[in-house]
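The values are calculated or read from the model by the stated rules, or taken from the named source; none is laboratory data. Only a predicted model underlies this, so the values are computations on that prediction, with no experimental measurement involved. Positions of Cβ are generated from backbone atoms using ideal geometry, with glycine treated the same way; all protein chains shown enter the neighbour counts.
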Amino acid sequence: MPFESWGLIGLFASAFISSTVAPGGSEAVLAYLVSRHGHSVLELVAIASVGNTLGALTTWWLGQWGAQKYPAESLVKDRQRSLQTIRRWGAWALLLSWLPLIGDGLCFAAGWLRLSFLASLTAIFFGKVLRYIAVAYVFV
């Protein structure tokens, strides 16, 4: 595997991890790779967006799984606010899934409330793409 591929794998892994409940720094990895000019910006944004979307969908799935096991009253207070936001705005709220801490709660709540997978995927993906385009633009 060429050395350059490790950067892409690292970007994907960082993006995936940072979109779950674990902290990560995918924006820093993307900024570094964009500034090196070793890959196309479109390729880097696509890899980061897909990795981050898959991480968010993992959190969405955990919400669905959790809804089967535990009543809504057992959720911690920040998840209760996320549930209210998703109930009010539906999948549109997932455009903000890129926000640190808040986005994880929104994805979890969307899964908990069994929002449409396709609507959730679409909103999450577009929110992530727009964020990574903005980050890449700053470092091109």
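Of the residues that sit in the stretch 102-140 and are modelled with pLDDT under 95 and among the β-branched types (Val, Ile, Thr), which one is farthest from the chain's Cα centre (by Cα)?
Going through the qualifying residues, I end up with Val140.
Here are Leu106, Leu44, Leu54: which of them is part of a helix (DSSP H, G or I), without any contact (Cβ under 8 Å) to a residue 60 or more places away in the chain and within 27 Å of Leu8 (Cβ to Cβ)?
Leu54
Tally time: how many residues in the stretch 118-130 are out of contact with any Cys (no Cβ under 8 Å at 6 or more places or on another chain) and in contact (Cβ under 8 Å) with a residue 40 or more places away in the chain?
Residues of the stretch 118-130 out of contact with any Cys (no Cβ under 8 Å at 6 or more places or on another chain): 118-119, 121-123, 125-130.
Then drop every residue that is not in contact (Cβ under 8 Å) with a residue 40 or more places away in the chain, which leaves 121, 125, 128-129.
The total comes to 4.
Looking at Ser49, Ser35, which is the one that is closer than 15 Å to Phe125 by Cβ and in contact (Cβ under 8 Å) with a residue 60 or more places away in the chain?
So the residue among Ser49, Ser35 that is closer than 15 Å to Phe125 by Cβ and in contact (Cβ under 8 Å) with a residue 60 or more places away in the chain is Ser49.
Looking only at the stretch 40-48, decide whether some residue is of a type in the set (Gly, Ala, Ser), loosely packed, with under 13 Cβ neighbours inside 10 Å and at pLDDT 90 or above.
The answer is yes; a qualifying residue exists.
Is it the case that some residue within the stretch 63-74 is modelled with pLDDT of 95 or more, part of a helix (DSSP H, G or I) and surrounded by 24 or more Cβ atoms within 10 Å (Cβ to Cβ)?
The answer is no; no qualifying residue exists.
For Leu8, state whether it is under 23 Å from Thr122 (Cβ atoms), at pLDDT 85 or above and not basic (Lys, Arg).
no
Return the residues of the stretch 110-137 that are part of a helix (DSSP H, G or I), hydroxyl-bearing (Ser, Thr, Tyr) and either in contact with a His (Cβ under 9 Å, 6 or more places away or on another chain) or surrounded by fewer than 20 Cβ atoms within 10 Å (Cβ to Cβ) (or both); say none if nothing qualifies.
The answer is Thr122, Tyr137.
Of the residues that sit in the stretch 19-37 and are in a loop (DSSP other than H, G, I, E, B) and surrounded by 14 or more Cβ atoms within 10 Å (Cβ to Cβ), which one is modelled with the highest pLDDT?
Ser19
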